[in-house]
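So the structure is just underneath, and the comments pick up after that.
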Amino acid sequence: MIYGLCLLLFLIGFYGVVVKRNLIKIIMGLIVMEYAVHLFIVLVSYQRGGIVPILEEGQKIGEFVGLAVDPLPQVLVLTAIVINFGITALVVALAVRLYEKYGTFDVGEIRRLRG
Amino acid sequence: MSNLPVLFVILPLGFGFLYILLARRRPFVSEMGSVAVTLTLFMLSLILIGAGYFDGQQVIRSFNLNMGGWALPMGINIYLDSLTVLMLIIVNMISFTVILYSVNYMKKYSSRSYFYALILFMLAGMNGILLTGDLFNLYVFLELASVSSYILVSFGVEAEELEAAFKYLVMGAIASALILLGVIIIYLVSGTLNIAYAAQFIQEYGMNRALYFAFSLLLMGFSLKAALIPFHAWLPDAHPSAPAPISAMLSGVVIKVLGVYALLRVGFNLFDLGNDPYFLNLLLVVGGISLIIGVLLALYQWDIKRLFAYHSISQMGYVVMAIGLGTGLGMVAGLFHLFNHAVFKSLLFLNSGALETATGTRSLKKMGGLARKMPVTAVTSMIGSLSISGIPPFNGFWSKLMIIFAAVLAGQPFYALLAVIGSVLTLASFMKVQRYAFWDKCRLDKKIYESDLTAPIFMRVSMLILAVFCIFLSFLILPGIYRLILSPASLDLLQGAAGYIGGVGL
């Protein structure tokens with residue numbers, strides 16, 4: 001169920017990228033799409049009633065492994081967020097430069113390349 | 001041997017950062033440094049040919065290196081087999097000639113140190129993709145290479161370049177999101193990110209619907225990066241807009257490593273679909289369509305670089321189609337054509353850069369009669385054109401011949417016919433390039449035509465190196481050398497997941 005919502009968010013972002021004509025809206029679509037993927041990564045490690053994955057003194061190993069959330073996806077999501085932050089910064093910079101050159105954010109008018 | 005492969009990632013990454021820190025005022029340092037680094041890496045990749053042992057049939061290479069000494073499911077490993085060695089040679093050879101070429105070509109741009117830093121980051125990313133044995137690590141290196149290439153496409157910050165870079169970036173970001181999603185679903189199902197462990201999981205428990213979904217996501221993502229035909233829209237904009245050395249890198253190696261290599265690794269070694277008729281037929285159909293449509297679109301282009309870019313789509317179609325045949329000969333032919341295409345397409349893009357520098361235009365309608373003024377460019381471009389259209393003594397002929405033979409032997413004469421038609425059309429469009437650029441009467445401005453048009457020394461040297469390789473790569477199919485390089489690489493794919501798992505040593 002909650003994975004389905006994640007997929008829905010992804011598709012909303014994808015719709016924004018494919019259908020919208022405005023550069024800023026396309027960028028927002030990209031961001032939504034990336035957030036959906038990040039949310040999915042975090043959900044992979046989610047566990048109802050889970051505890052912090054740090055072994056404390058006096059805790060039984062078996063009990064700890066059963067309860068602790070999976071720390072690996074949380075590490076992965078940090079890396080992915082940093083990478084996508086870089087891409088977002090780059091794409092916004094490109095959009096600003098495009099606005100300087102063409103004087104518009106409309107994709108329909110930014111088309112000197114054809115073929 | 002032990003730690004040597006790590007250098008392929010560390011050297012370019014480290015030197016790239018060094019240029020940004022130190023050499024801002026002295027681009028000379030970064031020029032010579034980059035030439036030295038890539039030459040070293042090219043030599044190292046040639047040394048790797050000597051690694052491995054001979055088992056009577058061919059050379060067996062499989063080296064596994066656990067980074068930082070962590071045992072495998074915990075750590076990240078570097079895995080090197082014959083396919084990796086083949087790809088490393090291609091990547092580092094092309095990047096060496098390209099950087100040699102840019103020493104002269106990039107003189108007209110400012111902030112050249114950033115250019116060399118970025119091209120080295122791109123190289124580090126590609127080498128990382130080739131070496132890594134971990135899915136998430138593959139994603140990170142893929143992003144490193146892609147982000148550098150987005151910036152390099154827009155390096156000239158002219159209107160067209162920014163537009164192309166934006167298009168490229170949006171497509172690339174969608175592809176990356178799909179790839180990341182696929183990787184995470186594999187983790188969700190199998191509980192590991194290591195390719196060998198995930199492959200073992202799939203061997204034990206078989207495929208299920210979630211894994212098929214993950215595979216289709218990865219397939220879409222890598223096809224976008226490889227610009228196979230339903231996903232090709234960004235390539236003819238992005239590749240010609242970049243500076244010529246970057247076009248050569250993008251068309252020569254980036255689409256191969258980011259797209260085709262990753263697709264093959266995942267399809268054959270992780271999901272073990274080497275015998276799956278649906279997967280192979282998909283590759284065949286996509287390859288065949290790319291082959292024909294790419295060359296048809298190329299026929300009526302007048303922008304020289306755009307024409308070359310459409311031919312990249314078509315030639316990658318050849319590679320994918322040959323691999324989709326699923327036979328041993330098909331694999332060898334596909335990998336051989338991949339190598340050849342890297343060489344002659346980079347050569348052609350470097351030629352187009354020399355033409356653009358000399359005449360100031362990329363339109364074929366405005367050139368002509370340049371053979372007398374630019375002899376080296378004319379001769380090397382002739383060699384490149386003959387190679388790409390498959391004329392006998394050159395390398396392109398042998399690989400295309402092998403592809404046609406493989407298609408006939410695999411019982412797919414229709415695809416053999418497609419390959420022949422594609423080859424004829426390729427020849428036609430390169431006749432056009434040769435005639436309008438070099439042989440026809442001159443349509444250039446008198447003043448430009450009278451001036452000294454010969455390309456600078458390093459540009460000529462790097463074009464000559466690639467032209468010589470166009471001739472000598474034909475020797476790769478001599479029996480002794482064949483068993484050393486091509487045949488073991490194809491075997492790595494044919495053995496599928498079992499070979500990969502055994503190689504990593506689980």
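Remark on the range A:52-115: Rg and Dmax equal 23.5, 69 Å (Cα only). The ratio of the alpha-carbon radius of gyration of the range A:2-102 to the globular-protein estimate 2.2 N^0.38 Å is 1.48.
What FRET efficiency would be calculated for the residue pair residue A:47, residue B:71, taking the C-beta separation as r and a Förster radius of 22 Å, to the nearest 0.05? Given R0 = 22 Å and the Cβ-Cβ separation, E is 0.30. DSSP beta bridges confined to the protein assembly as shown are antiparallel in about 90 percent of cases. Span-like helices, chain B: DSSP H, alpha-carbon axial extent 18 Å or more, mean Kyte-Doolittle 1.6 or greater, which ones? What comes out of the filter, once short or polar helices are dropped, is B:7-22, B:27-49, B:82-105, B:135-153, B:159-190, B:277-299, B:457-472. Between the C-alpha center of the range B:70-139 and that of the range A:1-60 there is a gap of 30 Å. Adding -39500 (n - 2.57) for every DSSP H run of four residues or longer, then dividing by how many residues chain B holds, sets the calculated 222 nm ellipticity at -23000 deg cm²/dmol. Were the residues from residue B:483 through residue B:454 laid out at 0.36 nm apart, the gain over their Cα-Cα distance would be 6.3 nm. What is the distance in Å between the Cα centroid of the range B:271-301 and that of the range B:142-157? After rounding, the separation between the Cα centres reads 27 Å.
On a per residue basis, chain B carries 33 Å² of accessible surface, using protein heavy atoms and a 1.4 Å probe.
The spacing between the range B:189-231 and the range B:12-59, judged by their C-alpha centroids, is 31 Å. Figure note: B:234, B:439, B:398 ranked by solvent-accessible area, largest first, 1.4 Å probe, ligands and nucleic acids not counted: B:439, B:398, B:234. The apolar share of the surface of the range A:2-102, taken as the fraction of accessible area on carbon and sulfur atoms (1.4 Å probe, ligands and nucleic acids excluded), comes to 70 percent.
Pairs with C-alpha atoms separated by more than 29 Å, drawn from the list B:167/B:400; B:225/B:365; B:225/B:400; A:20/B:225; A:25/B:365, are B:167/B:400; B:225/B:365; A:25/B:365.
Remark: mean inter-chain Cβ contacts per residue of B:329-338 equal 0, using a 10 Å Cβ-Cβ cutoff to other protein chain atoms. Per-residue surface analysis assigns residue B:19 an accessible area of about 10 Å², computed on protein heavy atoms at 1.4 Å probe radius. Charge dipole of the range B:380-446 (Cα centre as origin; +1 on each Lys and Arg Cβ, -1 on each Asp and Glu Cβ, all else neutral): 240 debye, rounded to the nearest 20.
Here the protein assembly as shown is described by how far its Cα atoms reach on the three principal axes: 88, 64, 48 Å, from widest to narrowest.
Apolar share of the accessible surface for chain B: 68 percent from carbon plus sulfur atoms, 1.4 Å probe. For the range B:200-291, the ratio of Cα radius of gyration to the globular rule of thumb 2.2 N^0.38 Å stands at 1.22.
Calculated accessible area for the range A:2-102 comes out at 60 Å² per residue, all protein chains present (probe 1.4 Å; ligands, DNA, RNA ignored). When the inverse distances between all different Cα atoms of the range B:67-179 are averaged and flipped, the Kirkwood radius reads 15.7 angstrom. Each Cα pair under 8 Å and six or more residues apart adds its separation to the average, and for chain B the resulting relative contact order is 18 percent. Interface of A with B. Using a 1.4 Å probe and counting protein heavy atoms only, the two chains hide about 3200 Å² of accessible surface, both sides summed.
Working from the Cα coordinates of chain B, the gyration tensor eigenvalues give, after taking √(5λ), semi-axes of 35, 26, 21 Å in decreasing order. A simple packing score, the average count of other Cβ atoms within 10 Å per residue, orders the peptides B:115-122, A:61-68 as B:115-122, A:61-68, with the highest score first.
Counting Cα-Cα pairs of the range B:1-74 in 10 Å increments starting at 0 gives whole-percent bin shares of 16, 34, 28, 17, 5, 1.
The values are calculated or read from the model by the stated rules, or taken from the named source; none is laboratory data. Here the structure is a predicted model, which means the values were calculated and not measured. Cβ atoms come from the backbone with ideal geometry, glycine included; neighbour counts cover every protein chain shown. Just so you know, the surface numbers come from the protein's heavy atoms only, side chains and all, with ligands and any DNA or RNA stripped out. Shrake-Rupley method; radii C 1.70, N 1.55, O 1.52, S 1.80 Å.
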